[in-house]
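Report on the structure given below.
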Amino acid sequence: MDNPARTHILGGMTHDSDLLIVGGGLNGPALALAAAQAGLSSTVIDALPEPTRKNAAFDGRSYALALASVRLLQNLGIWNRVAENAQPMLEIKVSDGRAGEGPSPFFLHFDHAEIEEGPMGHMLEDRFLRRALIEAMAEQPLITQVSNDTVTAQESAATGVTLTLASGKTLTGRLLIGADGRSSGTAARAGIRRTGWGYGQTALVAAIEHELPHHGIAHQFFMPPGPLAILPLPGNVSSIVWSETDATAARFAALPDADFMEVLRPRFGDFLGAIKLRGARYTYPLSLTVANSFVAERLALIGDAAHGMHPIAGQGLNAGLRDVAALAQVMTEANRRGEDIAAPDVLARYQQWRRFDTATLALATDLTNRLFSNDNPILRTARDLGMGAISHMPRLRRGFIREAAGLTGDLPELMKG
């Protein structure tokens, strides 16, 4: 990742910011904060007004932050702002079955006690993380926030990149970052095509209060139409991500709350006692989409703008944060050597670092969803026996735990302990 040969040396142009970051969700602000640690300035542009982003109510979105992602947030000074609202994930139980019949006797059980580093990760609601990032950006003099505005045009040249906003304002920078989601306008304007497909599945997302404590255990219950994830939040509350076929999900989403709970209960089970709905319910269509290139002239994509995958392994945000840490490291090292942080070979280092990893993860989540989201009796038998076998192989099981914790592969410095 660290080969400076042939790179351009930074010229003396003056820009509004070193980085122009389109997208003020989670990955964009995280990159701005990481860049600031290296002395690089950023302008973060988001279409929503800041009060809307900062004061969002619970919208069903929660993240399973892997240990490596928690370390990144610690190194950015964010974790201390959100830790009190986070729930450690101490165990993960993966099982297979049909609604109302309970899980197969063969299952996977991952326990954080099998690795030395601590909990595999933490559950955290989107609203708490989003607010902490916005507040941290406001305290950082190297970061400028532009809210309630959108990009209408972008132009890259040898000396920098220029953005035109809907408000009529223009901004110049050294490097353009697309952090604007799966339908990235930044990628589209740069002519970057995407590869992907829909799964014919929709995720039903909600928070559930339950009578008994969850003890920090996350559950993934695979059923023929799609998986049900039950993810622990602070208190006797869990977040559910329930994948169903599009038609069934639409029917369930349209039900009154009481009727929705009636169809959820046989799938959820009674292991946490009586359950009831907390707050509103939400739906999210599920698809796979990967940008054919993560970089272009003076441009880099991160997060869902680069890769959006099935939530089956809960790795979407973790993959985005690994993009952030890798790109920040590549830029920091280039800047330290006096290189142009947007030179083609500098950006190629970032793409080389991240593209294989994300393609492998996208393929793994796609294959897992296809393997488990069916009722083929031969496949059911094979996957149940496979899960039972892995549970009795400690070395392989620890490998899966370390993978879930985000501790495998070429870790960027910001994700190391």
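Numerical summary
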quantity: Residues located in the range 326-339, provided they are open to solvent by less than 20 Å² (accessible area, probe 1.4 Å) and either in a helix (DSSP H, G or I) or on the phi > 0 side of the Ramachandran plot (or both); calculated: A326, L327, A328, V330, M331, A334
quantity: Residues of the range 154-186 satisfying the condition of being under 18 Å from A47 (Cβ atoms), out of contact with any Leu (no Cβ under 6 Å at 6 or more places or on another chain) and not polar (S, T, N, Q); calculated: L165, A166, G168, K169, A179, D180, G181, R182, G185
quantity: Inter-residue pairs, beta-carbon under 6 Å, first farther than 24 Å from M223 by Cα and in the range 186-212, second part of a helix (DSSP H, G or I), 6+ apart; calculated: A187/A305
quantity: Cβ-Cβ under 9 Å pairs, at least 6 apart or on other chains, the range 30-45 side at positive phi, far side assigned to a helix (DSSP H, G or I) and open to solvent by 10 Å² or more (accessible area, probe 1.4 Å); calculated: G39/T332; G39/N335
quantity: Residue tally, condition under 14 Å from G269 (Cα atoms) and open to solvent by 10 Å² or more (accessible area, probe 1.4 Å), over the range 199-209; calculated: 1
quantity: Residue within the range 188-198 that is open to solvent by less than 20 Å² (accessible area, probe 1.4 Å) and either part of a loop (DSSP other than H, G, I, E, B) or of a type outside the set (D, E) (or both) present; calculated: no
quantity: Qualifying position, being open to solvent by less than 40 Å² (accessible area, probe 1.4 Å), at pLDDT 95 or above, under 23 Å from A334 (Cβ atoms) and out of contact with any Gly (no Cβ under 7 Å at 6 or more places or on another chain), among G28, G23; calculated: G28
quantity: Sole exception among (1) part of a strand (DSSP E or B); (2) open to solvent by less than 40 Å² (accessible area, probe 1.4 Å) for K93, by number; calculated: (2)
quantity: Candidate set from the range 167-187 (those that are of a type outside the set (S, T, Y) and in a loop (DSSP other than H, G, I, E, B)); member that is surrounded by the fewest Cβ atoms within 10 Å (Cβ to Cβ); calculated: G168
quantity: Filter result for I134 (in contact with a Gly (Cβ under 9 Å, 6 or more places away or on another chain), assigned to a strand (DSSP E or B), touching a residue at least 12 places away in the same chain (Cβ under 8 Å) and open to solvent by less than 40 Å² (accessible area, probe 1.4 Å)); calculated: no
quantity: Hits in the range 349-360 - residues which are in contact with a helix residue (DSSP H, G or I) (Cβ under 6 Å, 6 or more places away or on another chain), over 10 Å from G409 (Cβ atoms) and open to solvent by 10 Å² or more (accessible area, probe 1.4 Å); calculated: R349
quantity: Residue match in the range 144-153 (condition: acidic (D, E), open to solvent by 10 Å² or more (accessible area, probe 1.4 Å), in contact (Cβ under 8 Å) with a residue 12 or more places away in the chain and within 13 Å of L20 (Cβ to Cβ)); calculated: yes
quantity: Where A342 falls short, out of the listed (1) surrounded by 21 or more Cβ atoms within 10 Å (Cβ to Cβ); (2) out of contact with any helix residue (DSSP H, G or I) (no Cβ under 7 Å at 6 or more places or on another chain); (3) within 22 Å of G198 (Cα to Cα); calculated: (3)
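The values are calculated or read from the model by the stated rules, or taken from the named source; none is laboratory data. All values reported here derive from a predicted model rather than from experimental measurement. Every residue, glycine among them, receives a Cβ derived from its backbone with ideal geometry; neighbour counts consider all protein chains shown. Remember, those area values only see protein heavy atoms, side chains included, never the ligands or the DNA or RNA. Shrake-Rupley method; radii C 1.70, N 1.55, O 1.52, S 1.80 Å.
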